[in-house]
1. Once you have the alpha carbon radius of gyration of the chain, what is it after dividing by 2.2 N^0.38 Å, with N set to its residue count?
2. Leaving out ligands, DNA and RNA, what percent of the accessible area of the chain is carbon and sulfur, probe 1.4 Å?
3. How far, in nm, would the chain grow between Thr105 and Asp23 when pulled straight, counting 0.36 nm per residue and subtracting the alpha carbon separation?
4. Hey, what does the equivalent ellipsoid look like for region 60-110, semi-axes from the Cα gyration tensor as sqrt of 5 times each eigenvalue, largest first, whole Å?
5. Based on Cβ point charges of +1 for Lys and Arg and -1 for Asp and Glu, what charge dipole magnitude is obtained for the chain about its Cα centre, in debye rounded to the nearest 20?
6. When the C-alpha atoms of region 25-94 are aligned to their principal axes, what extent does each axis show, in angstrom, from largest down?
7. Within region 45-70, what residues put their amide N at less than 14 Å from the label point 7 Å along the Cα-to-Cβ vector of Arg90?
8. Rounded to the nearest 10 Å², what accessible area does Ser92 have for a 1.4 Å probe in the complete protein model?
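The values are calculated or read from the model by the stated rules, or taken from the named source; none is laboratory data. None of the values given here were measured: they were computed from a predicted structure. For neighbour counting, all protein chains shown are included, and Cβ atoms are generated from backbone atoms with ideal geometry for every residue, glycine included. To get the accessible areas, we keep the full protein, side chains included, count just its heavy atoms, and leave off ligands, DNA and RNA. Shrake-Rupley method; radii C 1.70, N 1.55, O 1.52, S 1.80 Å.
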Amino acid sequence: FAAAAARIAAAMRRHPVLVEGPDRLASVLLGDGNVVAKSGAQGVFVFALRKEGIAGVVKLADGGETPWPEAVCGMLEQLGLGEDIVAAVRRSLPPEMVNDAGQVTGRREPCLRLRRADRG
């Protein structure tokens, strides 16, 4: 099982745009060799940092995905990890919301606070 999972993750990192398409969060994150990421149904997004052995999951009750980039960036920032990853996400998927006239109409900001869970 582990060998198959490693082969799949390697293929995802080699061809990130084929995983979800251009300008999608998972594709941007997969551009970093340390990250494995994939969206799922009903507002679920998961990512993992391989070297650190850390994974994160975002689940939106309404099934949406628009807040995913800022939620992931907020998690990484609070963990003190992935400055380059956060910068890449914000370049590709900026937090500013822009209307058809090119005017900034709002900004997404993470509001989550991580808590460490006891293991055991």
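1. 1.10
2. Summing carbon and sulfur atoms, their accessible area is 54 percent of the total for the chain.
3. Additional length available on full extension: 27.5 nm.
4. 21, 15, 8
5. Using Cβ point charges on Lys, Arg, Asp and Glu, the chain gives about 500 debye.
6. Answer, in whole Å and largest first: 30, 25, 21 Å.
7. The answer is 69-70, whose backbone nitrogens lie closer than 14 Å to the label point.
8. That residue has around 50 Å² of solvent-accessible surface.
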